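Q: Pasting in a structure now, in structure tokens, and then I'll have a few things to ask.
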Amino acid sequence: MAATPSEPLSEVRAGILRRPGLMSGPLREALSEAYDGWLRSHLPAGPDGIALVAVGGLGRREPTAYSDLDLVLLHNGQTPGVAKLADSLWYPIWDGGIGLDHSVRTVDQAVDVARQDLKALLGLLDLRHVAGNENMATRVRGRVVEFWRASAAKRCDELLALARMRWKHAGDGAFLLEPNVKESRGGLRDVQALRALALAQLVDLPASVRSAYVELLDIRGELHRIAGRDEDVLHLQDHDGVAAAFGLVAADGTPDRDEVLRRVNHACRTVSHALDAAWRRIETGIDRRPLVQRLFSSAPGPVREGMARDVVSQDGEVVLARDAAPRTDPGLVLRAAHAAAAHRVPFAAYTLERLAAECPPLPRPWPADARNDLVALLGTGDAGVPVLESLDFAGLLSRLVPEWDAVRSRAQHNPVHRFTVDRHLLETAACAASRTREVARPDLLLVGALLHDIGKGYPGDHSVVGAEHARVIAERMGFDAHDIATITAIVRHHLLLPDTATRRDLTDPKTVSAVAHAIDGSIEVLELLHALAPADAAATGPAAWSDWKGGLIRELVRRTSAVLHGAEPPTAAPLDEERLAMAALGRLDVRFREDGGVVVAAPDAVGVLYRTAGVLALHSLDVRSASIATVTGMAVNSFVVSPRFGRLPDPALLRADLVRALAGELGLAQRLRDKERSYGETSRPPTVTWIDDAATDATVCEIRAEDSIGLLCRLTAALERSGLDVRSALVSSLGGSVVDAFYLTTRDGALVPVAARADIELELRRI
């Protein structure tokens with residue numbers, strides 16, 4: 001139905017969006033027709049020196065449900081009332097709540113803007129006539145295209161700089177868990193850049209890129225519809241809705257959120273590879289003359305420099321030597337990949353195609369040279385990541401490690417992680433390369449880093465499942481029995497040190513004994529796990545590591561190493577002189593320590609711990625760990641804290657609030673609720689796990705919950721109401737979730753009875 005001049009544009013759009021089953025290309029076409037019709041109805045017939053043109057998404061006939069309209073009103077400079085005419089177009093669009101980018105220009109002005117502003121030029125390349133004098137629109141586009149083709153080669157550096165600015169902000173869409181389908185590397189903007197370069201006849205636009213572009217457009221369209229606004233970031237909470245819109249269903253009948261992300265990641269990866277090839281072609285100035293002209297040219301041929309046996313560089317790319325024989329050289333793939341990373345030279349697309357088509361698989365087990373090339377490739381660190389990505393894109397990585405197919409573009413539903421599983425593994429190996437001097441077996445560290453999360457592609461505990469797959473992979477690679485066992489142990493226990501250090505009392509002898517037992521008394525495995533932990537965290541994201549966490553892991557390794565070398569398990573350290581002196585005062589005392597701790601001494605009574613935790617929360621202090629001691633009727637509680645806003649509170653103010661809280665005069669519960677509401681925090685009931693035999697004289701209770709300001713206060717209050725004493729507590733917080741480990745006894749110092757645990761769990765879930 002054609003739009004009428006009286007109908008608001010927002011209603012026209014709403015009518016299109018209400019049509020059942022309309023999505024993807026048909027939706028974009030319907031929106032384009034509806035917008036065009038409405039705009040034509042609002043541009044009065046008459047002056048011949050006027051033209052309305054669309055650029056951007058509407059110019060390409062690719063509008064999404066809530067994208068802005070980009071319009072230009074062209075005039076000949078002589079038509080009266082142009083400003084009034086423009087207002088009659090723009091204001092109804094604004095009144096309808098639709099975003100609008102607009103301008104009013106003569107033909108010459110539009111062309112001049114394109115000459116001066118690259119962004120404007122790229123937009124005008126998509127110019128499309130909507131209403132008015134079509135000849136004016138044709139003249140503008142023709143002149144802009146002509147100028148672009150004449151100047152494109154000189155402006156490529158500027159175009160690349162614009163792209164890099166976007167990538168720095170929006171990241172790499174091929175591996176992000178929340179990619180920006182428009183601005184991330186490999187997103188819609190990059191395809192539009194490739195189209196501009198192809199229009200200038202500098203590069204080709206592969207069919208695979210055109211298909212990826214449509215995939216991204218389709219997903220962006222449904223993302224807008226679900227969000228109800230112009231939103232280009234595929235947030236985790238939107239994955240289910242987009243999956244449902246496309247009818248993607250997982251095996252359990254729920255929307256297949258992983259498939260949505262996989263499609264976006266794969267599309268962005270396809271675009272990124274084409275983009276890399278395009279920029280290399282432009283930067284190296286590859287001769288694009290016809291073959292006959294090149295054959296009879298007197299100019300010198302391309303320079304070829306040796307990189308490894310049968311591997312050379314030419315025009316800034318890795319190619320095979322003329323006498324290379326891939327069909328009889330299964331080790332050529334890894335040898336060439338190592339050379340590419342070591343020299344920081346990318347593969348030529350044809351080289352990858354030839355390796356994929358001609359190289360036979362490696363024998364099983366691999367020969368030593370192939371294994372050494374893989375280790376050397378991983379040892380190049382960051383330089384190896386794009387090389388391994390190129391192998392993966394060409395289907396070569398999964399030939400080497402068939403298990404890789406299970407983790408390719410696999411989502412990790414955890415806000416701490418930045419990358420899909422496959423990219424996380426490559427990044428971890430790259431980070432581990434900087435730590436190879438810390439270990440006696442760098443080869444095992446690098447391979448263990450590459451495989452540590454391989455189990456995430458399969459059902460079950462990824463550490464347990466991954467260890468079995470790692471054993472098979474290590475056997476295939478030709479490692480000996482000892483090294484296979486070590487790689488298997490690295491994968492099985494890659495979380496052992498960070499989890500233990502942040503969730504167990506390091507002064508308890510059982511903690512160290514448990515670690516030593518888990519690694520079967522291997523100092524080598526302990527050393528490798530210690531090097532892997534920070535590499536894994538660095539590849540995860542900034543929230544996965546801190547100096548506090550690193551210090552705990554170092555202390556755990558030190559204590560475990562001492563035991564493995566024959567020392568006695570450490571015992572709990574007595575209170576130092578400062579804390580004994582605080583207890584001797586017999587009154588409330590608060591002190592900040594240089595090591596980041598807060599020590600609170602107060603007359604021992606039920607409620608001291610939870611009230612203290614609550615006051616610390618009110619003063620915006622996040623508690624990382626807490627230890628509790630009682631001396632001559634005084635509770636001496638030590639906390640490791642980190643200020644949320646970078647500075648510690650005034651000790652006098654903290655002490656004053658503690659006095660009021662311990663006297664029951666602070667209104668602690670209500671103030672904490674108010675503070676949590678101000679942060680928009682909500683919580684669901686926690687999950688509770690009891691762990692016996694993990695402590696010498698206590699029962700360990702692990703509580704997992706959503707993080708909030710007053711969580712520790714509420715949990716300790718519930719434990720105290722249940723008749724329990726908290727001996728120590730450790731808090732591990734990652735990405736909005738926490739794991740609080742409490743060392744508990746009954747009031748008479750006994751272990752927590754199994755029969756009492758159900759009632760305790762009920763109390764905890766009421767918080």
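Q: Restricting to DSSP loop positions (anything but H, G, I, E, B) with no more than 12 other Cβ atoms inside 10 Å of their own Cβ, which chymotrypsin sites (Phe, Trp or Tyr not before Pro) remain in segment 622-716?
A: 645, 679
Q: Turning to a different aspect of this structure: Give me the accessible area of residue 563, 1.4 Å probe, in Å² rounded to the nearest 10.
A: Approximately 30 Å² for this residue.
Q: Tell me, what ³J(HN,Hα) does each residue in segment 16-27 have, in order and in whole Hz, if you take phi through Karplus 6.51 cos²θ - 1.76 cosθ + 1.60 with θ = phi - 60° and put x for Gly and Pro?
A: Working through the residues one at a time gives 5, 5, 7, 5, x, x, 8, 7, 6, x, x, 5 Hz.
Q: Then there's this: State log₁₀ I(q)/I(0) for segment 30-159 at q = 0.20, 0.23 Å⁻¹ as given by the Debye formula over alpha-carbon point scatterers of equal weight, solvent excluded.
A: Relative scattering, expressed as log10 I(q)/I(0), comes to -1.16, -1.44.
Q: Skipping prolines and chain starts, which residues have an amide H placed within reach, meaning under 5 Å, of the one on residue 182, given they are 5 or more residues away or on another chain?
A: When sequence neighbours closer than 5 places are left aside, the close amide H contacts are 188.
Q: What share of Cα pairs, in percent, lie more than 13 angstrom apart in segment 115-177?
A: Pairs farther apart than 13 Å: 69 percent.
Q: Rounded, prolate or oblate for segment 296-450? Axes are the square roots of the Cα gyration tensor eigenvalues, ordered a ≥ b ≥ c, and the cut-off for rounded is a/c under 1.5.
A: Prolate, because a/c is 1.5 or more and a/b exceeds b/c.
Q: So if we plug the beta-carbon distance of residue 19 and residue 251 into 1/(1 + (r/R0)^6) with R0 = 30 Å, what FRET efficiency do we get, rounded to 0.05?
A: The value I calculate is 0.40.
Q: Still on this structure, please answer the following. Cβ under 11 Å from residue 507's Cβ, residue 507 left aside: what net charge do those residues give with Lys, Arg +1 and Asp, Glu -1?
A: Overall, the nearby charge balance is +1.
Q: Take the Cβ-Cβ distance between residue 76 and residue 353 as r, set R0 to 51 Å, and report the resulting FRET efficiency rounded to the nearest 0.05.
A: E(calc), rounded to 0.05, equals 0.45.
Q: Additional query: Looking only at segment 91-109, which residues have a backbone nitrogen under 14 Å from a spot 7 Å from the Cα of residue 233 in the C-beta direction?
A: Taking a point 7 Å out along Cα→Cβ of residue 233, no residue of segment 91-109 has its backbone N under 14 Å.
Q: Hey, what angle do you get for helix 188-199 against the long axis of the chain, alpha-carbon based, 0 to 90 degrees rounded to 10?
A: Approximately 30 degrees, to the nearest 10.
Q: On to the next question. Applying a 10 Å radius around every beta-carbon, put 14-24, 722-732, 161-171 in order of their mean neighbour count, most first.
A: 722-732, 161-171, 14-24
Q: In degrees, nearest 10, range 0 to 90: what is the angle between the Cα axis of helix 368-379 and the longest Cα principal axis of the chain?
A: 90 degrees
Q: In whole angstrom, how long is each semi-axis of the equivalent ellipsoid of the chain, when you take the square root of 5 times every eigenvalue of its Cα gyration tensor and sort them from largest down?
A: Its equivalent ellipsoid spans semi-axes of 56, 39, 21 Å.
Q: Follow-up question, since we're still on this one. Hey, what angle do you get for helix 82-95 against the long axis of the chain, alpha-carbon based, 0 to 90 degrees rounded to 10?
A: It works out to around 30 degrees.
Q: Past 20 Å, Cα to Cα: identify those pairs from 168/456; 119/168; 119/154, in the order given.
A: The answer is 168/456.
Q: To continue, here is another question. Starting from 0.36 nm per residue, how many nanometres of slack lie between residue 7 and residue 161 once their C-alpha separation is accounted for?
A: Gain in length upon complete extension: 51.1 nm.
Q: Hey, got a sec? Which GluC sites (Glu not before Pro) in segment 622-687 land in a DSSP loop and have at most 10 other Cβ atoms within 10 Å?
A: 665
Q: Okay, helix-only estimate at 222 nm for the chain: each DSSP H run of n ≥ 4 adds -39500 (n - 2.57), divide by all residues, round to 500 deg cm²/dmol; what do you get?
A: That comes out to -16000 deg cm²/dmol.
Q: Once a ≥ b ≥ c are taken as the square roots of the eigenvalues of the Cα gyration tensor of segment 522-636, is the result rounded (a/c under 1.5), prolate (a/b larger than b/c) or oblate (a/b not larger than b/c)?
A: oblate
The values are calculated or read from the model by the stated rules, or taken from the named source; none is laboratory data. Everything quoted here is computed from the prediction, not taken from an experiment. For neighbour counting, all protein chains shown are included, and Cβ atoms are generated from backbone atoms with ideal geometry for every residue, glycine included. Ligands, DNA and RNA are stripped out before the accessible areas are found, and what is left, the full protein with its side chains, is counted by its heavy atoms. Shrake-Rupley method; radii C 1.70, N 1.55, O 1.52, S 1.80 Å.
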